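**Q** Before I ask anything, let me first share the structure, which is written out below as structure tokens.
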């Protein structure tokens, strides 16, 4: 029996808070999509916003619905890959995802302060520098201090439990969607009452063919539809996961689509940058709101952007902090990271350590590291689809409350397009962002090298940690706990 148990974690997340957590793990609102217009053109951007979720997000959501309802385990995708593909690939899935969170989650305190700096210029990076090195690439300044202050209450919120984070995320969701509902209303009125408005023209960016335009904005749009697997890491904290998790995915996907497609369509009716759509850039939703509804709506959209960063950081800290906890429970990281608070049922040490790591990264000018993020995400996603297929063959009689139809063939079929897009993005990054590509290669290689080191010096032959196996049924005669701990051998 393992000396580390995560059974004490409480199942407390219900449907609507889980929907809000999925929303913030994937989206956080349409902020950041503006650059797709300058890259691809207005018409092609709208095509991508409709096509990508159908070809990419729907398969990802289906995969998560099957695995998340059949294996509602703390650690989510880490547990799926470990059970399906073995300890090494599970370790790679977990470590790659955790390292990725250092780059991704640390972005949102930075963006929050960047938005604040538009109103309070002294908060801009580089002011009141206390310490700096690497020609300013690492800087402790007022911008950094406010970003750290941003994390402290959200870290405390996370330490209080998944239910608290889910409930507050639901409130954040209402706040960020409200100004976009108004923007859509003003945009519709402007479209109806103004002659000659065509939000889809020019269809493609000047000088590009339709194929080139689609390729130019594809990575941006895919990036905004990634993350449906993130909340799976709190699988052991979802109440009635066999029903709750698939329903939450079913609701969140169309919700995300609508909150991308409609604000973008009606922002394009505003007429901003009509003479040169290449000028569209981050922040232009606020400018479009100002053009359609006045300065008060512009301000409301900016406030929504601030709240969006709060919701994004809080939800991603929740899901990301569970990965080091389960890796530690399996004895690949120091066991203190797996310590669960008896009062709140949360991995408090893992949450605190994650915030300390983020505090380092928010001091960096880390754009190249951030660009490596998408490559690492794609590697992890391919492993999850591989686990889906292998688990179909290894445990054909496993109870799957939701099951992708078509047997093994069906599982392979939904993996084809996301895997192809993942490989295309990795190849594209190698050509367009070689520094980012090689950073991601180094990170993946580092994780692979770390595995034997962790097995030899940290794990030292100890069994994997105990998870709550409630609701997991691999089929007649198969002990769920032995499979989860990696001790089951097919006879």
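**Q** If you look at just the Cα atoms of segment 91-201, how large are its Rg and its Dmax in Å?
**A** For segment 91-201, the Cα-based Rg and Dmax read 20.0, 58 Å.
**Q** Would you calculate, for the chain, the mean residue ellipticity at 222 nm contributed by helices, counting each DSSP H stretch of 4 or more residues as -39,500 (n - 2.57) and dividing by all residues, to the nearest 500? Spell out each step's value before the answer.
**A** Values: 19 runs with 311 residues, N = 491.
Helix contribution divided over all residues of the chain: -21000 deg cm²/dmol.
**Q** Using a simple spin-label model with points 7 Å from Cα along the Cα→Cβ vector, what separation in nm is obtained for residue 417 and residue 192?
**A** 3.4
**Q** State, to one decimal in nm², a quarter of the convex hull surface area for the C-alpha atoms of segment 259-386, i.e. the direction-averaged projected area.
**A** Working: hull surface 47.8 nm².
Reported value for the Cα convex hull: 12.0 nm².
**Q** Bin width 10 Å, origin at 0, all Cα-Cα pairs of the chain: what percent of pairs per bin?
**A** 4, 19, 30, 27, 14, 5, 1, 0
**Q** Suppose R0 equals 45 Å. What FRET efficiency, 1/(1 + (r/R0)^6) with r the Cβ-Cβ distance, do residue 399 and residue 132 give to the nearest 0.05? List each step's numbers first, then the result.
**A** Numbers: r = 56 Å, r/R0 = 1.26.
With R0 = 45 Å, the Cβ-Cβ based efficiency is 0.20.
**Q** I've got another one for you. Order these by the 10 Å Cβ neighbour count, fewest first: 134, 191. Could you put the intermediate results ahead of the total?
**A** Values: 134 9, 191 17.
Placing the least packed residue first, the sequence is 134, 191.
**Q** While we're on this one: Mind putting together the pair-distance distribution for segment 158-298? All Cα pairs, 10 Å bins, whole percent per bin, short to long.
**A** Taking all Cα pairs of segment 158-298, the binned fractions are 9, 31, 30, 20, 9, 1 percent.
**Q** Then there is this: What is the gain in length, in nm to one decimal, between residue 478 and residue 160 on full extension, counting 0.36 nm per residue of separation less the C-alpha to C-alpha distance?
**A** Working: separation 318, 0.36 × 318 = 114.48 nm, distance 3.60 nm.
The residue 478-residue 160 span can extend by a further 110.9 nm.
**Q** Hey, can you rank 470-478, 458-466, 350-358 by average C-beta count inside 10 Å, highest first?
**A** Working: 470-478: 14.1, 458-466: 15.8, 350-358: 21.7.
In decreasing order of mean packing, 470-478, 458-466, 350-358 become 350-358, 458-466, 470-478.
**Q** Take the Cα radius of gyration of segment 370-491 and divide it by 2.2 N^0.38 Å, with N its residue count; two decimals is plenty.
**A** So the Cα radius of gyration is 1.33 times the expected 2.2 N^0.38 Å.
**Q** Now a separate question. For residue 449 and residue 408, compute 0.36 nm times the residue count separating them, minus their Cα-Cα distance, and round to one decimal in nm.
**A** Full-extension gain reported as 11.5 nm.
**Q** Over all directions, the average projected area of the alpha-carbon convex hull for segment 27-96 comes to how many nm²?
**A** Values: hull surface 25.3 nm².
Averaged projected hull area, Cα only: 6.3 nm².
**Q** Okay, next question. For a footprinting-style exposure proxy, rank 133, 63, 92 by other Cβ within 10 Å, fewest first.
**A** Working: 133 10, 63 26, 92 22.
Ascending Cβ contact count within 10 Å gives the list 133, 92, 63.
Coordinate-derived values only; no laboratory data. These numbers come from a predicted model, not from an experiment. Neighbour counts run over all protein chains shown; Cβ positions are idealised from the backbone, glycine included.
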